[in-house]
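Below: the structure, in structure tokens.
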Amino acid sequence: MENKYGIVLYWSKEDEAVIAEVPELPGCMDDGANYNEALTNVELVIAQWIQTATDLGRSIPQPKGRLT
């Protein structure tokens with residue numbers, strides 16, 4: 001499955017890591033030592049989030065495209 005969700009990447013001084021958040025999927029986030037690692041990590045978490053929601057019979061938000 002191709003990810004079409006918006007992802008917000010930012011540096012967290014507190015965590016000393018790049019954080020990758022997916023605002024359209026509540027609680028869906030991961031981190032990494034750099035932007036590429038955080039993005040790679042969050043792609044896996046998105047797939048896991050969707051699989052868990054499916055297994056629990058919960059609705060999965062449709063990607064809205066550009067975040068505003």
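Please determine, by comparing only the residues of region 1-57 that are assigned to a loop (DSSP other than H, G, I, E, B) and of a type in the set (S, T, N, Q), which one is modelled with the lowest pLDDT.
Going through the qualifying residues, I end up with Asn3.
With the requirement that a residue be within 19 Å of Arg58 (Cβ to Cβ) and open to solvent by 10 Å² or more (accessible area, probe 1.4 Å), what does region 7-30 give you? Break it down into steps so the answer makes sense when it comes.
Residues of region 7-30 that are within 19 Å of Arg58 (Cβ to Cβ), as a first pass: 22-29.
Answer for region 7-30, where residues must be within 19 Å of Arg58 (Cβ to Cβ) and open to solvent by 10 Å² or more (accessible area, probe 1.4 Å): Pro23, Glu24, Pro26, Gly27, Met29.
The values are calculated or read from the model by the stated rules, or taken from the named source; none is laboratory data. In this text, all values refer to a predicted model and were calculated from it rather than measured experimentally. Neighbour counts are summed over all protein chains in view; Cβ atoms, including those assigned to glycine, are modelled from backbone coordinates with ideal geometry. In case anyone asks, the SASA skips ligands and DNA or RNA and just uses the protein heavy atoms, side chains included. Shrake-Rupley method; radii C 1.70, N 1.55, O 1.52, S 1.80 Å.
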